[in-house]
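Student: After the structure tokens below, expect a handful of questions from me.
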Amino acid sequence: MNRNVRFAIAKTHLLARKKQSAIAALGVTFGIGTFIILVSFMTGLNGLLDGLILNRTPHIRIYNEVKASENQPIDLHPQYKGGKNMVTSIKPKQELAGIRNAKALMSVVAKDSRVKGVTPQVSARIFYQSGNILLNGNAIGIDVLEEDRLFDFHQYIVGGSPSDLANNDNGIILGAGVAQKFSLHVGDKIQIMSSTGQTYKLKLVGLYQSGLADIDKIQSYVNIKTAQRIAGESGSYFTDISVKLFDIEQSYDLSKEIERSHGINAVDIKTANAQFETGTSVRNLITYAVSITLLIVAGFGIYNILNMVIYEKMNDIAILKATGFSGGDVKRIFIYQALMIGIVGGLLGLLLGLTMSYVISISPFETEALPTVKTFPVNFNGLYYVIGSVFAIVTTFFAGYLPARKASLIDPVDIIRGQ
Amino acid sequence: MESKIKLDCDLPIGEPSVILSAKNIQKFFTDPVSIQVLKNIEFSVNAGEFVSIMGKSGCGKSTLLYILSTMDTQYEGELWLMNKKITGLSGKELSAVRNEHIGFVFQFHYLLPEFSVLDNVKLPGLKLGKLSPEEVEFNAMEKLRMLDVADQATKKATQLSGGQKQRVAIARALINQPAIIMGDEPTGNLDSKNASTVFSIFKDLSRELGTSLLIVTHDPDFASKTDRIIEMADGEIISHR
């Protein structure tokens, strides 16, 4: 009963000053709207940048490094033990470029519960040949479908598709830089020469563009068998093993375990991309700082407007109190008004945020590094909308509550006498 | 006829019943220096009595009225309304007392500008909540008709003339059928024609509805027509007439 009366008074107050109420609600709308737009856009961009590295790079790369033996013969000789041994011009060990017993190693690693997938690579040095011209290059043999499943290989492909390579043993996905130099298009043939001088004719089934011009001028992808043939090695020859984990945070631990138990080099993504890690945390920090600042600014704006609304109503407060409304009634009347402003403004803010985010998400965005991305990335995460609505209601409640409480405590006489 | 007079005489002392009584009320203003603005105020108002308080500006009559109307709680002494001690009640209880038992008419009408005339009159009734909204509306229209402003019911309060506003304010004061109506110079802002209309409304109220009236004024004409005049000077009551 009483609540209905208070509610009716609050509604009348709001509707009697439509312009002022609208401005107050718009303050909330813009605060919440810009918060959602910025957070969605910034986290979208961050996700894109993170994905550039995280989705495409193996979490652990297993390989054989060419290096000198750590235990030189002189260290083992009892006569020189304890002394300082200096040997200059140590030569690296003579070793196979491939990983020893790679298939067994892969099946062991793949059985680990932390591992999402394992796929091998064969790297072979080649020359691209066009008439008399030879260009230095590098052919990487991959299991295309696994590579695509684990590392989004298709994101690099600008012409053709990964499955075209899987279906064609004599196919090649050529670096875009090489294709440009030789004026080649998908469907054309290209001749390549191995380091031993043998030539192969391969069909161009796709173009590869990483965004790094230096790589695109050199690198091409073929099937594993083709690469092994070019390298002149057997079917058990693999130069790299890429491992993807379910949880990237475990990559360091697992890489160390593999190194220890298999006596091989394994590098985790964070060690290999230390600068990326810093970039990500800085970007996240900026996102948090900007969104918190936005919410604080919006909060003060809302508080200011509601404060003004209530102080302009001092006369009405005195009248209501003189005719028998209690301080609690007055307080609730103004909190209702604040909440109505908060709910309407907040809903419009969510709508504004969603609309603008959508507009951004369909705006064209072309970049060399991301041949498959055509529009700006936006993160449509429901959580931001929940944060936005909770914030709108909590802020308007307190922004209304503080001045309303003050108003509720005032003696009507103080207002009437002050006239 | 004779028997009726006899009946009146038989009533015990103290009847007709006391509606409002002030017992030894003192009031100090402490800012900037301590000044006593009310000294030993002691009086009472009976049911149906029309009392006016007179005095020069600054003699404390408005201050007294705000204390009596429960809107000012910073005083010493005791205030009783309908045999109930009002002094010391909480703000919420005082609001309820004001709402149900006291009607207040200010010098300036003090209507809520955003609301229609009818809503202004209805609000204290809806707050009381003893009647359904339909009954409150019916009563409000009744009061407006009684005060001859029923045709203005749907207008906003700001669209009315001064005399009309004051009549609406009186209708609002009446909506919960209070025991007592208090006025702080309710005719002070009106021309003589409107002032006399308001006076006759008050007179009718006390005679026909038995409502007590306590009106602060410095219009001697107005005061002279009331049942009793309480005269104040320098914070004290100097005479009852």
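Any read-out appearing in this document is the output of simple, stated calculations on the displayed coordinates, not a laboratory observation. Since the structure is predicted, the reported quantities are computational estimates derived from the model, not experimental observations. Cβ sites come from the backbone with ideal geometry, for glycine too, and all protein chains shown count toward neighbours.
Student: Under the rule of at least 5 residues apart or a separate chain, name every residue whose amide H is placed under 5 Å from the amide H of B:Asn46.
Tutor: It is B:Ile19, by chain and number.
Student: Report, in order of residue number, the helices in chain A meeting two criteria: a C-alpha extent of 15 Å or more along the helix axis, and a mean Kyte-Doolittle hydropathy of at least 1.0; treat each whole DSSP H run as one helix.
Tutor: Those that clear 15 Å and a mean of 1.0 are A:18-54, A:327-361, A:382-409.
Student: Same structure again: So, how do all the Cα-to-Cα distances of chain B break down into 10 Å bins, in percent, from 0 on up?
Tutor: The calculated distribution, bin by bin, is 7, 30, 35, 21, 6, 0, 0.
Student: Springs between alpha-carbon atoms under 10 Å, Gaussian network over chain A: tell me which of A:Ala392, A:Ala231, A:Ala104 tops the mean-square fluctuations.
Tutor: A:Ala104
Student: Shifting gears a bit: Compute the whole-percent fraction of alpha carbon pairs in the stretch B:104-157 spaced more than 19 Å apart.
Tutor: That tail contains 24 percent of the Cα-Cα pairs.
Student: Hey, got the average number of other protein chain Cβ atoms within 10 angstrom for residues in B:95-105?
Tutor: Across B:95-105, the average partner-chain Cβ count within 10 Å equals 4.
Student: To the nearest whole percent, what portion of all C-alpha pairs in the stretch A:209-259 is separated by more than 12 angstrom?
Tutor: Value for the stretch A:209-259 (Cα pairs over 12 Å): 75 percent.
Student: Here's a follow-up. So for the stretch B:79-182, Kirkwood radius off the Cα pairs, Stokes-Einstein at 25 °C and 0.890 mPa s: how many µm² s⁻¹?
Tutor: The calculation lands on 175 µm²/s.
Student: Then there is this: Plugging the Kirkwood radius over Cα pairs into Stokes-Einstein for the stretch A:350-406, at a temperature of 37 °C and a viscosity of 0.692 mPa s, what D comes out in µm²/s?
Tutor: 235
Student: Lys and Arg at +1, Asp and Glu at -1: add these up for the other residues within a Cβ distance under 11 Å of B:Thr217 and post the number.
Tutor: Residues near B:Thr217 contribute -2 overall.
Student: Quick one: among A:Asn170, A:Asn101, A:Asn379, which has the greatest mean-square fluctuation in a GNM of chain A with alpha-carbon springs under 10 angstrom?
Tutor: The residue with the greatest mean-square fluctuation here is A:Asn101.
Student: Report, as an integer, the average count of C-beta atoms from other chains found within 10 Å of each Cβ along B:59-70.
Tutor: 2
Student: Moving on to the next point. How long are the three semi-axes of the equivalent ellipsoid of the stretch A:1-137, in whole Å, if each is the root of 5 times an eigenvalue of the C-alpha gyration tensor, listed from largest down?
Tutor: Equivalent ellipsoid of the stretch A:1-137: 71, 26, 19 Å, largest first.
Student: Something else about it: Pull up the cross-link candidates among the aspartates and glutamates for B:Lys165, meaning alpha carbon to alpha carbon under 17 Å and not fewer than 8 places away within one chain.
Tutor: Once the sequence-local aspartates and glutamates are set aside, what remains near B:Lys165 is A:Asp316, B:Glu114, B:Asp119, B:Glu142, B:Asp148, B:Asp151, B:Asp184, B:Glu185, B:Asp191.
Student: Pick from A:Phe246, A:Phe397, A:Phe334: which residue has the top mean-square fluctuation in a GNM of chain A where Cα pairs under 10 Å get a spring?
Tutor: Maximum fluctuation in the GNM of chain A, among the listed residues, is at A:Phe246.
Student: For the stretch B:65-131, count the residues as N, evaluate 2.2 N^0.38 Å, and divide the Cα radius of gyration by that value, please.
Tutor: For the stretch B:65-131, the normalised Cα radius of gyration comes out at 1.25.
Student: Shifting gears a bit: Normalise the Cα radius of gyration of the stretch B:107-241 by 2.2 N^0.38 Å (N = residues in it) and let me know the number.
Tutor: This ratio for the stretch B:107-241 stands at 1.09.
Student: Can I ask one more? Could you work out, residue by residue across A:399-412, how many beta carbons of other chains sit within 10 Å of that residue's beta carbon, and then give the average as an integer?
Tutor: 1
Student: Of the listed pairs A:Lys321/B:Lys92; A:Lys84/A:Lys256; A:Lys406/B:Lys61; A:Lys19/A:Lys406, which have alpha-carbon separations greater than 22 Å here?
Tutor: Among A:Lys321/B:Lys92; A:Lys84/A:Lys256; A:Lys406/B:Lys61; A:Lys19/A:Lys406, the Cα-Cα distance tops 22 Å for A:Lys84/A:Lys256; A:Lys406/B:Lys61; A:Lys19/A:Lys406.
Student: Among the lysines, select those whose C-alpha is under 19 Å from the C-alpha of B:Lys85, and discard any that sit fewer than 8 residues away in the same chain.
Tutor: The qualifying lysines are B:Lys23, B:Lys27.
Student: Restricted to Cα positions, what overall size does the protein assembly as shown have along the principal axes? Three whole-Å values, descending.
Tutor: The Cα atoms of the protein assembly as shown stretch 145, 66, 41 Å along the principal axes, largest first.
Student: Beyond 18 Å, what share of the Cα-Cα pairs of the stretch A:278-394 is found? Please give it as a whole percent.
Tutor: Here the long-distance tail beyond 18 Å is 67 percent of all Cα pairs in the stretch A:278-394.
Student: Report, largest value first, the span of the C-alpha coordinates of the stretch A:179-272 along each principal axis, in whole Å.
Tutor: Extents along the principal axes, in whole Å: 46, 32, 21.
Student: Provide the convex hull volume over Cα atoms per residue for the stretch A:109-229, in Å³.
Tutor: Hull volume over Cα atoms, normalised by residue count, gives 104 Å³.
Student: Oh, and also: So, with +1 on the Cβ of K and R and -1 on the Cβ of D and E, and no other charges, what is the size of the charge dipole of the stretch B:28-159 about its Cα centre, to the nearest 20 debye?
Tutor: So the dipole magnitude of the stretch B:28-159 works out to roughly 160 debye.
Student: Also, quick follow-up: Given chain B, what percent of its DSSP beta bridges are antiparallel, to the nearest 5?
Tutor: Here the antiparallel bridges make up roughly 55 percent for chain B.
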